[in-house]
Amino acid sequence: MAVQRPDWLEEPRAPGVSPSIRWIPGITMLQLGADQMMANDMPAGQGHRFGQEPVWAWAAILPPPGWTEADTARLAEEELGG
């Protein structure tokens, strides 16, 4: 990112990605680095607050033997603090 424009700036932007972001060598990397420090202050599902999504994704990708959807739901509740 410091010396090469990232691909995600060429693609249609995801909801919540500002259309005013542009690539400036070095500067964009520093701005995004600073943005990372604020990412956990975003609502669930935005920034780096993924909520329960990783629980459900990993259960679908690589479930342990005998794992059920009820196990995933129980784990997701535990992840949120029950």
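Below is a table of values for the structure above.
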read-out	value
Among residues of the range 46-65, those that are part of a loop (DSSP other than H, G, I, E, B), modelled with pLDDT of 90 or more and open to solvent by less than 70 Å² (accessible area, probe 1.4 Å), counted	2
Looking only at the range 4-21, and only at residues there that are surrounded by 10 or more Cβ atoms within 10 Å (Cβ to Cβ) and assigned to a helix (DSSP H, G or I), the one that is modelled with the highest pLDDT	9
Tabulated pairs, the range 47-68, first touching a residue at least 24 places away in the same chain (Cβ under 8 Å) and closer than 30 Å to residue 18 by Cα, second hydrophobic (A, V, I, L, M, F, W, C) and exposed (fewer than 13 other Cβ atoms within 10 Å of the Cβ), C-beta under 6 angstrom, 6+ apart or interchain	51/44
Members of the range 22-45 found to be over 18 Å from the mean Cα position of the chain (by Cα), surrounded by 12 or more Cβ atoms within 10 Å (Cβ to Cβ) and assigned to a loop (DSSP other than H, G, I, E, B), listed by number	23
Inter-residue pairs, beta-carbon under 8 Å, first under 14 Å from residue 6 (Cβ atoms) and in the range 28-39, second open to solvent by 100 Å² or more (accessible area, probe 1.4 Å), 6+ apart	28/22
Test result for residue 1, open to solvent by 50 Å² or more (accessible area, probe 1.4 Å), free of Cβ contacts under 8 Å to residues at least 40 places away in the same chain and assigned to a helix (DSSP H, G or I)	no
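The values are calculated or read from the model by the stated rules, or taken from the named source; none is laboratory data. Quantities reported herein were computed from a predicted structural model and do not represent experimental measurements. With ideal geometry, Cβ positions are generated from the backbone for all residues, glycine too; neighbour counts draw on all protein chains shown. To get the accessible areas, we keep the full protein, side chains included, count just its heavy atoms, and leave off ligands, DNA and RNA. Shrake-Rupley method; radii C 1.70, N 1.55, O 1.52, S 1.80 Å.
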